[in-house]
Structures are given as C-alpha cells and as structure tokens.
Amino acid sequence: MQKSVSKAEHNRRLSNEHRPIFKPDIDNLFKAVTDACTGVVWHDDNQIVSVQMEKMYAEDPRVEMEIEEL
C-alpha cells in the first residue's frame, strides 16, 4: 500500500471499502502462484478445477491459499 495516501484512504483500503484496480492483474498473480506450486502441491496446475480469487490491500502483502482435494 502506498505511503502517500491519507489516513482516511488508508483505512478505507484496509476495510476493503476500496479495492486495488491497478497492476499486477489478478490473473497474473494467480499464474505466478500456481506455477510456483507445481511439483510441490500438485503435479501440474491443470489439476485445478475451481478457483475463488480476490485482490485486496493489506499491511502485510501475502497470498493465502486453501487447497481441497476433490
């Protein structure tokens, strides 16, 4: 999150009132994470059959994943 935003805007972003609409694109983030998990979590990312994704502002940038075997 940019340090140049006002405290009010900072709070709106953390509460998800405002969501990030800038780069990187969510599909590029997804591709990077799924490629990194190939050979570790699954054999190939073609095994993924369902996805729910959200891009949010955070104080501590991260990726959170929940993986369920079907």
Task: On Cα atoms only, tilt of 26-37 relative to the major axis of the chain in degrees - done: 40
Open item on the list: Straight-line reach only, C-alpha to C-alpha below 14 angstrom: list the aspartates and glutamates that Lys55 could link to, leaving out same-chain residues fewer than 8 apart.
Closed with: Glu17, Asp25, Asp27, Glu64
Open item on the list: Show me, bin by bin at 5 Å from 0, the whole-percent P(r) of the chain based on Cα pairs.
Closed with: 3, 13, 22, 21, 14, 12, 8, 5, 2
Open item on the list: Using a 1.4 angstrom probe on the protein heavy atoms only, could you order Glu66, Glu9 from most to least accessible area?
Closed with: Glu66, Glu9
Task: Residue-level accessible surface for Met53, protein heavy atoms, 1.4 Å, Å² - done: 90
Task: Normalised contact order of the chain, rounded percent, pairs of Cα under 8 Å and 6 or more residues apart - done: 48
Task: Surface share of carbon and sulfur [accessible, 1.4 angstrom probe, percent] for the chain - done: 51
- [ ] Mind checking the per residue accessible area of the chain for me, 1.4 Å probe, whole number of Å²?
- [x] 88
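The values are calculated or read from the model by the stated rules, or taken from the named source; none is laboratory data. As the structure is a computational prediction, the values presented were derived from the model and not from experiment. Note: accessible area is taken over every heavy atom of the protein model, side chains too, but ligands, DNA and RNA are not part of it. Shrake-Rupley method; radii C 1.70, N 1.55, O 1.52, S 1.80 Å.
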